[in-house]
Structures are given as C-alpha cells and as structure tokens.
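Below is one structure, written out as structure tokens; comments come after it.
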Amino acid sequence: MSIHTKTIAQLAQGLKDKDFSSVEITQHYLDRIKQSDLNAFITVTDELAMTQAQAADEKIATGNAGILTGIPYAHKDIFCTQGVKTSAGSKMLDNFISPYDATVSHQLNQTDLVMLGKTNMDEFAMGSSNENSFYGAVKNPWDKSKIPGGSSGGSAASVAGGLSCFATGTDTGGSIRQPASLCGITGLKPTYGRVSRYGMIAYASSLDQAGPMTKTAEDAAIVLNAMAGFDEKDSTSAEQEVPDYTANLNDSIKGLTIGLPKEFFSDGLDDEVATQIMSAVKEFEAMGATVKEVSLPNSAYAIPTYYIVAPCECSSNLSRMDGVRYGYRCENPKDLEDLYLRSRSEGFGEEVKRRIMIGAYALSAGYYDAYYLKAQKTRHLISDDFKKAFKEVDVIMGPVSPTTAFDLGSVKDPVSMYLADIYTLSANLAGLPGMSIPAGFSKKLPVGLQLIGDYWSESKLLNIAHQFQLQTDWHAQSPQEN
Amino acid sequence: MSLSEGQVSQIAYLARLSLSNEALKDNTKDLNAILGLAEQLGSIDTDGIEPMAHPLHMTQRLRADVVTEKDHSDLFQSIAPKTDNKHYLVPTVIE
C-alpha cells in the first residue's frame, strides 16, 4: 500500500512505529503535487510544509505526538492563513496575504499538522463544478475530462488523487458533499455553528459551514475533533459541547431507522445513480436497519429559496471588496466611484457578479417582501419538514447529486448548473449536518450516498458511515494513474 | 415580470459593478432566468409563517463593551493598495 492511499489513522500508526517520518511522507505528497495536472492547488506551501514536518518529527521523537501530528493535509483557499496567500479563488484576492489565521487554521496548527498548500475552489465558493475559479478549472482524478464538483473541488480532487491525506472544505449549498460524492471520498458538513466561521471568507453567512473531506468516516471524525468547538470570535458559533467524534464509531446500527424522502427519488435522478443508492440502502438493511419512506414536501423549493437567500447574503458580504483596504485595485482610478466600479468589475468573475446582482435586486426597496422575506419563510417550511421527518426516523438517506461528474465545459447556463444542487441545498437551509460517502460507481465514476441527520448528530452520522465502510470497500478505491 | 437591460444596468450600478454591452445582454437573460426560478416561491402558502434568518433561531450573544483588539494598523495596512501616515488613500473626493 502506498503512502498516499493511507488514511490518517494508518499514517499516524506508521509515524509512531517509525515506518516513515513526517518529512518523508510530506516530501512524497509534495512530489506528487508537482507531477499532478489536476490543478487542485492554488498555492503550494512546500517550504512551510517541510518546516512543519521537521517540527512534527521532533515532537514524535519525544513521544508527545497526537493523532494528527505530522499528517500532510490540504487547506481550502477560503480559510485565512497568516502569511500565506488566501485568494478564495478570486482575482480580487490574488494579492491577499492574510494578516491573521482563521480559527480553523489556528486549531489545525495546534495539532501539529503539515499544511501542503491551499486548494483551488469556485470563486468565493460560488459554483458546483469548480469551473468558476480565477485559477482555472480542477480536473476529476477519476476522469480528467470531468468536473470534480464544487465549490471545494480542489480539496476533493486532492484527496481522491492522492495529493494530500485529507483536506478541509466549506459547504454553503453542498460544496463539501457534492465534490466528495463526485470524487468518491467522504465529506461531512456539520450542523450550522459547529465549526467557527471566523476567518473563513464569507459567502452566505447563515449557511456557511466548514468540515472535513477525507478518505474514511473514521478520518472525518478525527479531523472534526480538531475543527469543532465554540468560538467567541464567531457571533453564530454554538455554545454546544464537543464530544469525541471517534467514540461511537463502533456502535452497532442494528435497529436504525432510515428515512428515504420520496422527493429525492423523483424525476431528474439518473437511473444508475438511483440503483447504486438503493443497493447501499439494502446493505444497511442487511446490517439490521429498517427503511421507511418519508416526505419533505417543500424540498422542491430548496433551489429558488437558496438562490435568493444566498445571493442576498453574498451581495452584502462582498460589498467589503472595494479596492480600498486590501485586494485588487484597478489601475489609475479617475475618482472614487471609478475606483469602486472598476476594481469590483475587473476583480470579480461572472458568476460572482451575477449573484451579487440577484442579491442587490432581491433586497432592494419594493422587492424585499416578494423575494427575500418570502424565501426566508419558505426556508422555515423546509426546516419544519425535516423536524417532522426526524420524529419518525434516525437518519435520512438519498443521493448527493442527481448525476455523476459531468464533462468540463458542458453546462453553460447558470440555471441548469443550479438544478444540480437539488439534493444538498435543504440541509444548509435547515442548518442540519450532512455527509457524502462513497456508495459505488456508474460508468467508472463515483456515486455518493447522502446522509442527513438531526441537529448535532455528527457522531451518529459518522457511526453510520463507519459501519457502512466496514462492510463495503467503495471508499478504498483509488483512480487509476497513468 | 421581466427585467429590462436598463433595469439590469441600474442594479449593476447599485452593486457598484459596471457591465459591457455584451455582458449586459447576457446578464439580462441570466438574471431573468434566475428570477423566473424564484417565481416558484409565489405559489407557496406562507401565511402566518415566521421568516427564518438563522437555522438555530439563535439570538446574538452580547459581550462587555471593552477594547480587546490591539492596534494592528501597520500589519493591516501592509497589504493595502495605497496608504499614507495610517490613512487609506483613495482618489480625491473633495477638491
């Protein structure tokens, strides 16, 4: 087994047993990144990585290593990292060297991880294909003519392509789960408020949530242990106790009640994807779970609701990008208005401008009630549907994405692209935790199974996912290399 | 209801974005398609439903009104496009 197919748990054991050093595995990953043509990274922090690896090896030698000490990971370029470029995939922040660390960056540093670099992403996390990056599209390691999913496409491709042991991601409307699904890895979006948003460049603040993207559910539990927690610097951080997410991985799931929302299996779902999802559900039944049909009647409205709420929040959040205090400034502005107009028009990409304009319109006088307020009320209905469903079932399962990864460049109009988010958006609108785990292949491309849990049920989701991974080996498959 | 190019141009200006003629055409088409999608919301009965601004219906925490941040102006201004003597410089607004 090569280094780059090992999990965190396996690498940690190897480091402890002195099978290899952190410097050696870090160099191995850096070499692979150098040879890779996936475009998964915006910045490779090779010098920093080697310094961190040396420090980790010294710590391991003293016998004081933690489970993450010396493990090489990739960090989504949306998290501020002090002294390292943090671009959010945008020309606007191409010159932005963050003066401070995001809380997540700080927490991960505390565990003596090795940061290999910052991963490519859709600009300001707006996209489902990673084609909206200023730094170019990312390729899917399973088929380089396909998209990796988005917005955490670089993170997903980096884990699936063996360029990092794990990666961080953020999920506003599916940006962890959908690329995890399309790249055949494990991704977890925690309950809203579980992981600090401080220093995570804001897209839609009432939806944004960070989480781990890993090879296995066990690894996701290990990383979530390091990422989760209350942060007074984030005004919507939850004052909720953080359990040890690895503690319940081995619990039996006998007697588990799985809810299948009928709306997640209707028109638009690819037949082969549906077949893979149903055979995964059968596997759970064989493990002692029971299955029940549930209904999320308002989930059909998740797309219009999300594509009003998120643009409204982004139009407000991105107003800070004005060419004055940091980031891109146009050449020779003739007056202050010209400075704002040209810095923003030249600095933002097409999709970002589109969403800013939708938000500006939906929030404007005379339209606020019809769009933003209406969407917030619908959001309440979507959330209530889940509350009802969780009275009857322990977990909701379904597809992550209606299809497997599509061809790069094949979806051109924005609305068609938005429709691909149909199954992931409602968990964000409700603030619920969701996961994607590998559940098979369709025409040699990975299919992800989505798990949605009740608030704060990350331990349960990880337990369910881990038990599935003990019975199946979909998560252990790697793309062929040439 | 459909937005005209003039209206899209006005929205762009409100968001401090300027669009080329071609971009204006494309955006008018795309924005109308997206708002068309949003029209579906009109068919939902939301009478008596409270708007949901926050997934956990949480209230904002308050803290004591004391200064906790140190002065980082040198660090923050080191990445600014143009500064002078602790000020951010922009083109002259008042002659």
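Read-outs: derived from the displayed coordinates by stated rules, not from any lab. Note that the coordinates shown come from a computational prediction; the quantities given were computed from them, not determined experimentally. All Cβ positions, even for glycine, are placed from backbone atoms using ideal geometry, and neighbour counts span all protein chains on display.
Compared with the dominant Cα axis of chain B, that is its longest principal axis, helix B:5-14 is turned about 30°.
List the residues, sorted by chain then number, that are 5 or more residues from A:THR81 or on another chain and whose placed amide H is less than 5 Å from its amide H. Amide H to amide H, under 5 Å and 5 or more residues apart or across chains, A:THR81 pairs with A:SER98, A:ALA102. The residues neighbouring A:ILE8, those whose beta-carbon lies less than 9 Å from its own, together hold a net charge of 0 under the Lys/Arg +1, Asp/Glu -1 convention.
Cβ-Cβ distance of B:ALA64 and A:ASN109, R₀ of 22 Å, FRET efficiency by 1/(1 + (r/R0)^6): the value works out to about 0.15. Cα convex hull, the stretch A:1-48: 91 Å³ per residue, rounded to a whole number. Peptide packing: for B:20-26, A:151-157, A:290-296, A:192-198, the average count of neighbouring Cβ atoms within 10 Å per residue gives the ranking A:151-157, A:192-198, A:290-296, B:20-26, highest mean first. A convex hull fitted around the alpha carbon atoms of the stretch A:161-249 yields 96 Å³ per residue. When the inverse distances between all different Cα atoms of the stretch A:434-482 are averaged and flipped, the Kirkwood radius reads 11.9 angstrom. Volume of the convex hull of the protein assembly as shown (Cα atoms only), normalised per residue: 163 Å³.
Per residue of A:370-378, count partner chain C-beta atoms within 10 Å of its C-beta, then hand back the mean as an integer. Write out the running numbers ahead of the final one.
Values: counts 5, 5, 2, 2, 7, 6, 7, 10, 7.
Rounded to a whole number, the mean comes out at 6.
Across the stretch A:90-168, Cα-Cα pairs more than 19 Å apart make up 42 percent of the total.
Take the alpha carbon gyration tensor of the stretch A:347-387, find the square roots of its eigenvalues, order them as a ≥ b ≥ c, and report rounded if a/c is under 1.5; if not, report prolate when a/b exceeds b/c, else oblate. Oblate, since a/c reaches 1.5 and b/c is not below a/b. Remark: the A:ASP270-A:ALA370 segment gains 32.6 nm on full extension, using 0.36 nm per residue and subtracting the alpha carbon distance. Highest average first, the peptides A:377-390, A:273-286 ordered by how many other beta carbon atoms sit within 10 Å of their residues are A:377-390, A:273-286.
If you wrap the stretch A:375-417's Cα atoms in a convex hull and average its projection over all directions, what's the area in nm²? Write out the running numbers ahead of the final one.
Values: hull surface 18.7 nm².
Averaged projected hull area, Cα only: 4.7 nm².
Less than 14 Å from a label point 7 Å out along the Cα-to-Cβ axis of B:GLN40: which backbone N atoms in the stretch A:351-378 qualify, by residue? Residues passing the 14 Å test: A:375, A:378. Take the Cβ atoms of A:PHE441 and A:ASN64, set R0 to 56 Å, and the FRET efficiency comes out at 0.85.
Here the protein assembly as shown carries DSSP beta bridges of which approximately 70% are antiparallel, counting only pairs with both residues inside. Distant-in-sequence amide contacts of A:THR119, defined by a placed amide H-H separation under 5 Å and a gap of 5 or more residues or a different chain, comprise A:ILE42, A:HIS75, A:LYS76, A:ASP77. Note that the stretch A:261-268 has calculated 3J(HN,Hα) couplings of x, 4, 5, 8, 10, 9, 3, x Hz, one per residue in order, obtained from phi through the Karplus relation 6.51 cos²θ - 1.76 cosθ + 1.60 (θ = phi - 60°); glycine and proline are x.
Proximity of backbone amide H atoms, modeled 1.01 Å from N, is registered between A:PHE441 and A:VAL447 at under 5 Å, excluding neighbours fewer than 5 places apart on the same chain. Spherically averaged projected area of the convex hull of Cα atoms, the stretch A:177-229: 3.8 nm².
At 10 °C and a viscosity of 1.306 mPa s, what translational diffusion coefficient does Stokes-Einstein give for the stretch A:379-447, taking Rh as the Kirkwood radius over Cα pairs? Give it in µm²/s as a whole number.
113
Computed from Cα atoms alone, the Kirkwood hydrodynamic radius reported for chain B is 19.3 Å. Reachable aspartates and glutamates from A:LYS233, Cα under 14 Å, same-chain residues fewer than 8 places away excluded? Reachable aspartates and glutamates: A:ASP101, B:GLU69. Across the stretch A:358-365, coupling constants 3J(HN,Hα) worked out from phi with the 6.51/-1.76/1.60 Karplus curve, θ = phi - 60°, read 4, x, 4, 5, 5, 9, 6, 3 Hz, and Gly and Pro carry x.
Shielding of peptide A:333-342 by partners, expressed as the average count of other chain Cβ atoms within 10 Å per residue Cβ, is 4. Send over the Kirkwood Rh of the stretch A:281-368, from the inverse of the averaged 1/r over different Cα pairs, rounded to one decimal Å. Evaluated on the stretch A:281-368, it is 16.4 Å.
Per 10 Å bin, what is the whole-percent P(r) computed from every C-alpha pair distance within the stretch B:1-52? For the stretch B:1-52, the binned pair fractions read 22, 39, 23, 14, 1 percent.
Against chain B, whose longest principal axis is taken from its Cα atoms, helix B:21-38 shows a tilt of about 70°. If you model the stretch A:330-459 as an ellipsoid using its alpha carbon gyration tensor, with each semi-axis the square root of five times an eigenvalue, the axes come out at 36, 23, 13 Å, biggest first.
Remind me, relative contact order of chain A in percent, using alpha carbon pairs under 8 angstrom and six or more residues apart?
18
Does the stretch A:240-388 come out rounded, prolate or oblate by the C-alpha gyration tensor, with a ≥ b ≥ c the root eigenvalues, rounded set by a/c under 1.5 and, if not, prolate when a/b is larger than b/c and oblate if not? Verdict is prolate for the stretch A:240-388. Dividing the C-alpha radius of gyration of the stretch A:127-181 by 2.2 N^0.38 Å, with N its residue count, gives 0.98.
Remark: the Cα gyration tensor places the stretch A:163-202 in the prolate category, a/c being 1.5 or greater and a/b exceeding b/c.
When averaged across all projection directions, what area in nm² does the alpha-carbon convex hull of the stretch A:76-136 cover?
4.2
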